[in-house]
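Have a look at the structure below before the remarks.
Read-outs: derived from the displayed coordinates by stated rules, not from any lab. Worth saying up front: this structure is predicted, and the values here are computed from it rather than measured. With ideal geometry, Cβ positions are generated from the backbone for all residues, glycine too; neighbour counts draw on all protein chains shown.
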Amino acid sequence: MKLDKQKLLQSIKDNANQIGRPLRLMELCGTHSQSIAQHGIKSLMPKNVKLVSGPGCPVCVTDQTDIDVMVGLALAGIPVAVYGDTMQVPGNLMSLEEAKRQGADVSIVYDITEAVAMSQEKRGLVFFGLGFETTTGMTAWAIQQGLIVYCAHKIFPPAMSALLANKKIKVGGFLNPGHVSSIIGTKVYEQFKIPQVVAGFDGEGILLAIEMLLTQILENKTIVQNAYTSLVKKDGNPKARKLISEVFEISDARWRGLGEIKKSGLKIRKKYKKQDAEFVYANLIKKIRKEIKPKLSACKCGLVLQGLIESKECPLFGKVCTLDNPQGACMVSVEGSCNVEYRYGK
Amino acid sequence: MCLAIPGKILKIKGETAEIDFNGIRKEVNIAMVDVAIGDFVMVHAGFAIEKMDMDLASEIQGYLDKK
């Protein structure tokens, strides 16, 4: 599909002019933040339209203690496998990369089937399961194949509720995630009374979604629209959701920056306890958690993740905290707000 | 993390399909989707997460034409 960029930009400009007041639109998906930066979309926005990043980078919202547990398991001699973007995330003690440098058996996998194959040789291997609905289905599949998982998976809509409940976060509309929505559908967003558009990932797709959001705001509507119809359906992917609910049940979860959000996480069902690291290594994990010493840091990831401050406003950004020496998760992941700002914002 | 790439299904064997990504062929897990040879799917981290429907893209075109 080819969209007319000039027409979209003109319409964005006209709508913003008519609205007049300053507006903040929040993209909820880290891959959107990356795409917005890559295509220079912020520079194309009218003066009164500001795009801010939300808590949509799963690596960034992973709680520090989950990193600590994985590091602890690895240092205790248990082989672990992780997606590459978690390697550099600083834990209270150290990152998984540092643990690997100290001789721990930490493997990077591109897809979870590699971890399943690896676990045949490395008995007791633990996979670090994290991410939103896009990645949860594959973890569920792997658990059914017998893979042991430490589960830090989260579900997206409760984070949206938490954001909306915080009155300090003044957002006029949400760009809803594309691939998360391909699993959960768009109907689930109707509970939120705020303009929302599910967006695709190319530049035109994002411009289209922004245009639709501004049109809604201008017309005083608060509906859910879908600008990614080639992939996202109203009911999402029921087969993937069935797989997820067979293996996982909803639990409370801690989010970096947002704290504990009720019913926002997933845990492995008792039926699969032999694949649940929390069961298999219960005593060890208990010991690791007890020994965690919270490290004081001036890192403002938590505020950045909620769109309360911009990366540049963090005292560490670009000075102490850089791509080579990340102090917080938002600088580690290529989809983290600080990482994106560091690479494209200069 | 949610970066995904569309591809076309060439062969299916059980839960695995051979997929063509613009000339590059790779095996992908299709346990989460109901698909047939010739379908387009969106692939994320080695798994097809959803079938694509190119016809529905025209709905968006309709929205724009009204502008």
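Values as computed for the structure displayed
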item	result
Förster radius 30 Å - calculated FRET efficiency between residue B:54 and residue A:245 (Cβ-Cβ, nearest 0.05)	0.50
Relative contact order (%) - criterion: Cα under 8 Å, at least six apart; region: chain A	22 percent
For region B:37-44, Karplus couplings with θ = phi - 60° (6.51, -1.76, 1.60), whole Hz, Gly/Pro x	4, x, 6, 9, 10, 9, 10, 10
Cut-off under 5 Å, modelled amide H: who pairs with residue B:16 long-range	B:30
Interchain or long-range residues, amide H under 5 Å from residue A:198's placed H	A:176, A:225, A:226, A:227
Kyte-Doolittle mean at least -0.5 and Cα axial length at least 20 Å: DSSP H helices in chain A	A:203-218
Amide proton proximity set for residue A:276, modelled H, under 5 Å, gap of 5+	A:149
Where GluC sites (Glu not before Pro) fall in DSSP loop in region A:176-211, at most 11 other Cβ within 10 Å	none
